[in-house]
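Novice: Here's a structure for you.
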Amino acid sequence: MTVLNAEADFASVIDGLQSVTVQREAGGSVVVAAARLVSRAVGEEDSSGGGVLIEDLVWDLPWPDGAASIDVGDEIEHGASGSCVVLRVEQRGPGVRYRCTARDVTISDATSVLVDLESPVWEDLGSGPEITGWTTIAADVPAHIQPAVVEHDYSGDPTVSASTFTVSCEAVDDLELCERVVAADGAEYRVDRVLDDGRIDKLPVLEVTQTVAAS
């Protein structure tokens, strides 16, 4: 019986292989010259209206001798610009070969808008702290803005309408400091909550409110 050596023979007996680079979460990278894409499935995030796309991929990776084991959180870079984060690792034999389940979550080009994420500047001008300006945390961030709830307050004149939205966006540093979202069309949204920030299988989500007085 001939035994397949995953490191030496994988590329010679399997078709459709490609080179990928594994970026390690802890730093450094590993090049896998003969990776095999086992399966690919594309769907959408629940309740996103097609605005947030999920691509699930399964890879077979014959692992180079001496390289530290691949781990959850590492990123597989493939093709011209594709990448996906590893969610599950299964070691298979014979030889050192890993089957990795990975995911890429992106904003759909069809519904994407650009937004600025801002943090307030507070100053005490003599009567206590107040917001005197805004600092941009990140500019021109691709995002998907999804309507959630509209509430009308009829107690005043004019009537005030408060619309709640969810804003899915690319991960940015210091997102927890964001208190205002400004869309490219000038619409401004107050940030009420930050959800899913730090998860590797989802995009960050902001719950925001836009208040408009009837004219």
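The values are calculated or read from the model by the stated rules, or taken from the named source; none is laboratory data. Only a predicted model underlies this, so the values are computations on that prediction, with no experimental measurement involved. With ideal geometry, Cβ positions are generated from the backbone for all residues, glycine too; neighbour counts draw on all protein chains shown. Note: accessible area is taken over every heavy atom of the protein model, side chains too, but ligands, DNA and RNA are not part of it. Shrake-Rupley method; radii C 1.70, N 1.55, O 1.52, S 1.80 Å.
Novice: Mind jotting down the distance between the C-alpha centroids of the range 81-97 and the range 130-168, whole Å?
Specialist: The range 130-168 and the range 81-97 have Cα centres separated by 41 Å.
Novice: Round to the nearest 0.05 the FRET efficiency obtained for Thr211 and Thr106 when R0 = 41 Å and r is the Cβ-Cβ distance.
Specialist: 0.85
Novice: Same structure again: Can you work out the Karplus-derived ³J(HN,Hα) for every residue in the range 37-44? Use 6.51 cos²θ - 1.76 cosθ + 1.60 with θ = phi - 60°, whole Hz, and x for glycine or proline.
Specialist: Values, residue by residue: 7, 6, 7, 9, 9, 10, x, 10 Hz.
Novice: Something else now. Which ³J(HN,Hα) values in Hz, rounded to whole numbers, follow from the phi angles of the range 111-127 under the Karplus curve 6.51 cos²θ - 1.76 cosθ + 1.60, where θ = phi - 60° and Gly and Pro get x?
Specialist: 3J(HN,Hα) across the range 111-127, in whole Hz: 10, 5, 10, 9, 10, 9, 9, 10, 10, x, 9, 9, 9, 9, 9, x, 10.
Novice: Follow-up question, since we're still on this one. Within the range 168-215, which trypsin sites (Lys or Arg not before Pro) sit in a loop by DSSP and count at most 13 neighbouring Cβ atoms inside 10 Å?
Specialist: Passing both the DSSP loop test and the Cβ count: Arg199.
Novice: May I ask you to list the chymotrypsin sites (Phe, Trp or Tyr not before Pro) in the range 145-215 that are in a DSSP loop and have at most 10 other Cβ atoms within 10 Å of their Cβ?
Specialist: Answer by residue number: Tyr154.
Novice: Now for a different question. Solvent-accessible area per residue for the range 122-209 at a 1.4 Å probe radius, Å²?
Specialist: I get 60 Å² per residue for the range 122-209.
Novice: Using alpha-carbon pairs under 8 Å, 6+ residues apart, how would you state the relative contact order of the range 113-210 in percent?
Specialist: 27 percent
Novice: Then there's this: Report, by chain and number, residues whose modeled amide H sits under 5 Å from the one on Asp74, excluding near sequence neighbours (fewer than 5 apart, same chain).
Specialist: Here the answer is Glu25, Val86, since their amide H atoms fall under 5 Å of that of Asp74.
Novice: In addition: Where nothing but the Cβ of Lys and Arg (+1) and of Asp and Glu (-1) is charged, how large is the charge dipole of the chain around its Cα centre, in debye to the nearest 20?
Specialist: I would put it at about 1020 debye.
Novice: Now, a different point. Which length gain, in nm to one decimal place, applies between Glu170 and Ala184 when the Cα-Cα distance is subtracted from 0.36 nm times their residue separation?
Specialist: So the extension gain works out to 3.5 nm.
Novice: Net charge near Val89, counting Lys/Arg +1 and Asp/Glu -1 over other residues with Cβ under 9 Å of its Cβ?
Specialist: -1
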